[in-house]
Amino acid sequence: MINQLSWKVGGQQGEGIESTGEIFAKALYRLGYHLYGYRHFSSRIKGGHTNNKIRVSTEKIRSVSDDLDILVAFDQETIDVNFEELRQGGIIIADEKFKPVNPDDTKAKLCVVPFTKIATELGTSLMKNMVAVGASSAALGIPLENYHPIVKEIFGRKGDKVVESNIQAIEKGAEYFNREAGGPIDDFTLAPGDGKQRMYMIGNDAIAMGAIAAGVRIMSAYPITPASEIMEYLIDKLPKFGGTVIQTEDEIAAATMAIGANYSGVRAFTASAGPGLSLMAESIGLAGMTETPLVVVDTQRGGPSTGLPTKQEQSDIMAMIYGTHGEIPKVVMAPSTVEEAFYDMVEAFNIAEEYQCPVILLSDLQLSLGKQSVDPFDYNRIEIRRGKLMNESLPEIDKNEGFKRYENTPDGISPRTLPGMKNGLHHVTGVEHAETGKPSETADNRKVQMDKRLRKLRHLKFETPVHIDAKHERPDLLLIGIGSTRGAIEEAMMRLENEGVSVNHAHIRLLHPFPAEEMKPLIEKARHVVVIEQNATGQLAGLVKLNVGGRDKISSVLKYDGNPFKPAEVYKECKGVVSHASHV
Amino acid sequence: MPVTFKDFRNKVRPNWCPGCGDFSVQASIQRAAANLGLTPDSLAIISGIGCSGRISGYINSYGFHGIHGRALPIAQGVKMGNRDLTVIAAGGDGDGFAIGMGHTIHAIRRNIDITYIVMDNQIYGLTKGQTSPRSDMGFKTKSTPAGSVESPLSIMEMALTAGATFVAQGFSSDLKDLTSLIEQGIQHQGFSLINVFSPCVTYNKVNTYDWFKEHLIDLNDIEDYDPHNRVAAMQTLMAHNGLVKGLIYQDNEKKSYQDIAPGYSQEPLADTNIQLTEDQFKALVGEFM
């Protein structure tokens, strides 16, 4: 019995690779296994190699695995591109149709199953995916009846006959595999799952559901990879709550429309990736200057320019902090798990309204698109706070003065009224303005209003600005990361600890304002600090040095080839830092 | 006490040049709002950047002076957030037809129920006299000292082809007609575009008040002109090189975005309870299990 294994299915884009993984995963997470997925895809619709890798475990996991146990191949390219990842004793289950060849230097066994032929005999070659699922399940020894309800859910509306033939396809695939391989493979027999019911979702699903939980009613957005799933979920859901998604002409319209909607009193937001965020830079400044709440999600992908649109990267860090002209109060949050993405999204709207400023929720492609099992979200953790939004009847105001929307208060946050409110009338402008919102260019006013705006975040309340796992008082190593690298860092840390290296881990959750106070003691007490991030210039390391210091003991582990960090890569690089240091 | 146009006045002194066409636009909006019985609280004026963009600060109502070229998306967001508000977007020809042209075309075809008033002076005023997309060919400006070599946009024709449901053109000298057009635009159920020839007395020495008086054709003077006939509207515009004033076209059949967006609330969204019930939440969670 093993506690975890990795399975991958590959073929041409548009061939149903996604659904093969989906059905296989469903059976596993419903048995109470923890899952973590990774999709390799290209910026095209049909054709081009794509694969879907799923890691299955009896323990909670938050990272892709280092190697691969089972590879299901629908074409030779899948084998050629992925065979090196297979471990000794791994297997390739391949469709007979393309006459698969196992490369000379392979470590894996090849098992040929006639996916297409079996499917065609049952009615349609489309069911070759189901045959592959059946063969995979046989290798793992998963009882096939687990698929019955799943197939019914997916194909039920197409009639009993379709359901029946899909179940048969799974059974035939399993039968064939068992005949060829002589039953389940011992190496792949998983210890039983805990049977607990979990959600299985991508980060974008969690972000979108978080928006609904936060009370969002309007999303204005422009489609882009890897953010579009947020929009797609809300196109389905918002009308059920009276709201709507407006697909705008560009990201400038998306951001400014969201600003308009927030100004009117509705919770509204937009989501995009780097190119869209670049276009929104001026709008974000407008929200900062006019103190209009605004939430923007940035699902980072490979940059710059169009860059690597379907690949993992964390290179928008600096752009999200500094990406607008002038100086505004702004909050940048960085969830590192699907759970955090959900709860952070709710909190993003609370902070945007409480502090009346733009909030950026920084995700990355692997967090946004990696499908994983998560414990069901907790209703009782959802709280809606709207700050100094006025809703009581207001005292009469002098018509020629107007409501002091930008009153210079001790905490910098001013009472907020909405259009339509009696006695709340005021002007809003991106021009520097006085307390009632009327333009003012006097030197005194400029200083008062600039200080007022920047003062707002001085006492920002944020529950966990840094996720800290610090077992050691004076560790050999402090690992610092952000976003979806959390799992890879955790696993690398475990391996290093097993080898006697003492390691603490700090994962940045509030990127801006930077949690310098929380980070300072951690950095001071560590012998070496390694900042792990997916970009080429060490942006996060730069921020740590800028805000905390420790230049002489900080080194960077960088990856910018478009693929997420694997635990072994982090481990190897960190190990290098420790052993190099001990030889100096 | 009934509302009068004085209720829409505030004490801010416009920084427009004496004689600027925008004064009349400001007065027309104030009069139209009063004539329709609106209150300052229920009116939101969203403006762009430029001389004319300052208009939202000169009217006693809710006002949002945004960024260059983006008055329309902000205004559409305001209306979608609170459909009970009367929303007017306003700005200049540079704001709406140069930097903001993408938004103008799409706001027209989206047909959200707001009124867009463009103060068209065929020049960039605030930046001290450069060519605009509405400047005629040969027009000499600071940026085109030898005369503009680009064609001016035929904006009314463009609006018609983009699927506009309300297209009108006014002139700053005719306060009464302009007020009436703005009233009709506000009452129109859908997006209304009102282009106003609003002369720049400082930088445009060609398209002056007198020039417009000489060249503009009043649609009321064209016998049997039918503002519900799109083809005739296009022909008339082309025949007169766009130099007409009055209601050019109105489509009362097409429904506004708010009325056809699936599921969109009849109540102002800003007023609705946003807290999910536990049952609603559990249903959402259940979809991923």
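Coordinate-derived values only; no laboratory data. What you see is a predicted model; the values in this text were computed from it and never measured. Please note: Cβ atoms are built from the backbone with ideal geometry, for glycine as well, and neighbour counts cover all protein chains shown.
Pop out the ³J(HN,Hα) list for the stretch A:207-220 in order, Karplus 6.51 cos²θ - 1.76 cosθ + 1.60 with θ = phi - 60°, rounded to Hz; leave Gly and Pro as x.
Along the stretch A:207-220, the couplings run 5, 5, 5, x, 5, 5, 5, 7, x, 5, 10, 10, 10, 10 Hz.
Quick check on my link table: of A:Lys422/B:Lys213; B:Lys128/B:Lys245; A:Lys404/B:Lys6, which ones sit more than 31 Å apart, alpha carbon to alpha carbon?
Numbers: A:Lys422/B:Lys213 42 Å; B:Lys128/B:Lys245 28 Å; A:Lys404/B:Lys6 22 Å.
Listed pairs above 31 Å: A:Lys422/B:Lys213.
Specify which residue in the list A:Gly21, B:Pro2, A:Pro521 is farthest towards the positive end of the charge dipole of the protein assembly as shown, using unit charges on the beta carbon of Lys, Arg (+1) and Asp, Glu (-1), about the Cα centre.
Selected residue: A:Pro521.
Shape of the stretch A:4-197 from its Cα gyration tensor (a ≥ b ≥ c, root eigenvalues): rounded if a/c is under 1.5, otherwise prolate when a/b > b/c, or oblate? Can you show the working numbers first?
Numbers: a/c = 1.30, a/b = 1.07, b/c = 1.21.
Rounded.
Residue by residue through the stretch B:242-255, which ³J(HN,Hα) values in whole Hz follow from phi under the Karplus form 6.51 cos²θ - 1.76 cosθ + 1.60 (θ = phi - 60°), with glycine and proline marked x?
Karplus-based 3J(HN,Hα) across the stretch B:242-255 equals x, 8, 10, 10, x, 7, 7, 7, 9, 10, 8, 8, 5, 7 Hz.
Please give me the summed charge of the neighbours of A:Gly274: other residues whose Cβ is under 11 Å from its Cβ, Lys and Arg +1, Asp and Glu -1.
-4
Is the stretch B:5-263 rounded, prolate or oblate when judged by the Cα gyration tensor, a ≥ b ≥ c being the square roots of its eigenvalues, rounded requiring a/c under 1.5 and prolate requiring a/b larger than b/c?
On the way: a/c = 1.44, a/b = 1.15, b/c = 1.25.
Rounded is the answer for the stretch B:5-263, as its axis ratio a/c remains below 1.5.
Can you bin the protein assembly as shown into rounded, prolate or oblate? Criterion: square roots of the alpha carbon gyration tensor eigenvalues sorted a ≥ b ≥ c, rounded for a/c under 1.5, prolate for a/b above b/c, oblate for the rest. The partial results should precede the final answer.
Numbers: a/c = 2.35, a/b = 1.73, b/c = 1.35.
Prolate is the answer for the protein assembly as shown, as a/c is 1.5 or above and a/b outweighs b/c.
Residues with amide H under 5 Å of A:Leu190's amide H, sequence separation 5 or more or different chain, H placed in the peptide plane at 1.01 Å from N; which?
A:Ile2
Could you name the aspartates and glutamates in cross-link range of B:Lys11, using Cα to Cα under 20 Å and dropping any fewer than eight places away on the same chain?
Output for B:Lys11: A:Glu396, A:Asp398, A:Glu401, A:Glu407, A:Glu432, A:Glu435, A:Glu441, B:Asp22, B:Asp41.
How much net charge surrounds A:Phe462 when only other residues with a Cβ under 9 Å from its Cβ are counted (Lys, Arg +1; Asp, Glu -1)? List each step's numbers first, then the result.
Working: positive: A:Lys461, A:Arg509; negative: A:Glu347, A:Glu463.
So the environment of A:Phe462 carries a net charge of 0.
Would you please give the residues with an amide H less than 5 Å from that of A:Gln300, counting only those at least 5 places away or on a separate chain, with H modeled from the backbone geometry?
Under 5 Å from the amide H of A:Gln300 lie the amide H atoms of A:Ser363, A:Asp364, A:Leu365, each far enough along the sequence or on another chain.
Enumerate by residue number the GluC sites (Glu not before Pro) in the stretch A:37-119 meeting two conditions: DSSP loop (anything except H, G, I, E, B), and at most 15 other Cβ atoms within 10 Å of the site's Cβ.
Working: sites: A:Glu59, A:Glu77, A:Glu84, A:Glu85, A:Glu96; in loops: A:Glu59.
In loop regions of the stretch A:37-119 (DSSP not H, G, I, E or B), the sparsely surrounded GluC sites (Glu not before Pro) are A:Glu59.
Can you compute 3J(HN,Hα) from phi for each residue in the stretch A:323-334, using the Karplus curve 6.51 cos²θ - 1.76 cosθ + 1.60 with θ = phi - 60°, rounded to whole Hz and x for Gly and Pro?
x, 7, 6, x, 10, 10, x, 8, 10, 10, 9, 9
Please identify the GluC sites (Glu not before Pro) of the stretch A:499-584 that satisfy two criteria: DSSP loop assignment and at most 14 other Cβ atoms within 10 Å. Which are they? Write down the numbers at each step before the final one.
Values: sites: A:Glu499, A:Glu517, A:Glu518, A:Glu524, A:Glu533, A:Glu569, A:Glu573; in loops: A:Glu499.
Of the GluC sites (Glu not before Pro), the ones in loops of the stretch A:499-584 whose Cβ has at most 14 other Cβ atoms within 10 Å are A:Glu499.
Take B:Val231 and B:Gln187, extend 7 Å from each Cα along the Cα→Cβ direction, and tell me the distance between the two endpoints in nm.
Once both label points are built, they end up 2.9 nm from each other.
For a quick check: with amide H placed at 1.01 Å from N, whose amide H comes under 5 Å from A:Tyr222's, ignoring anything fewer than 5 positions away on the same chain?
A:Thr248, A:Ala271
Which of the trypsin sites (Lys or Arg not before Pro) across the stretch A:22-83 are loop residues per DSSP, with 10 or fewer other Cβ within 10 Å? List each step's numbers first, then the result.
Values: sites: A:Lys26, A:Arg30, A:Arg39, A:Arg44, A:Lys46, A:Lys53, A:Arg55, A:Lys60, A:Arg62; in loops: A:Arg44, A:Lys46, A:Lys60, A:Arg62.
Here the trypsin sites (Lys or Arg not before Pro) that fit, given the DSSP loop and packing criteria, are A:Lys46.
Can you pull the mean other chain C-beta count within 10 Å for peptide A:544-557?
On the way: counts 0, 0, 0, 0, 0, 0, 0, 0, 0, 0, 0, 0, 0, 0.
If you average over the peptide's residues, the count of other-chain Cβ atoms is 0.
Among residues other than B:Ser173 whose Cβ falls under 11 Å from its Cβ, what is the net charge (Lys/Arg +1, Asp/Glu -1)? Provide the component values of the computation, followed by the final result.
Working: positive: B:Lys176, B:Lys213, B:Lys245; negative: B:Asp174, B:Asp177, B:Asp210.
Neighbour charge sum, excluding B:Ser173 itself: 0.
Post the alpha-carbon centroid distance, the stretch A:304-361 to the stretch A:9-66, in whole angstrom.
Comparing the Cα centres of the stretch A:304-361 and the stretch A:9-66, I get a distance of 27 Å.
Using the Cα centre as the reference, give the magnitude of the dipole from point charges on the C-beta atoms of the protein assembly as shown (Lys, Arg: +1; Asp, Glu: -1; all else neutral), rounded to the nearest 20 debye. If you can, show how the numbers build up before the last one.
On the way: 89 positive and 106 negative charges, 253 e Å.
Once rounded to the nearest 20, the dipole reads 1220 debye.
Okay, helix-only estimate at 222 nm for the protein assembly as shown: each DSSP H run of n ≥ 4 adds -39500 (n - 2.57), divide by all residues, round to 500 deg cm²/dmol; what do you get?
Working: 28 runs with 299 residues, N = 873.
Counting only the DSSP helices, I get -10500 deg cm²/dmol.
With axes computed from alpha carbons, what is the tilt in degrees of helix B:22-35 against the longest principal axis of chain B, rounded to the nearest 10 within 0 to 90?
40
Determine which lysines satisfy two conditions relative to A:Lys461: a Cα distance under 19 Å, and not lying fewer than 8 residues away in the same chain.
Partners found: A:Lys330, A:Lys388, A:Lys452, A:Lys520.
Considering only C-alpha atoms, what is the centroid distance from the stretch A:446-463 to the stretch A:466-536, in Å?
29
In nm², what is the average projected area of the convex hull enclosing the Cα atoms of the stretch A:531-578? The partial results should precede the final answer.
Details: hull surface 13.7 nm².
The orientation-averaged projected area of the Cα hull of the stretch A:531-578 comes to 3.4 nm².
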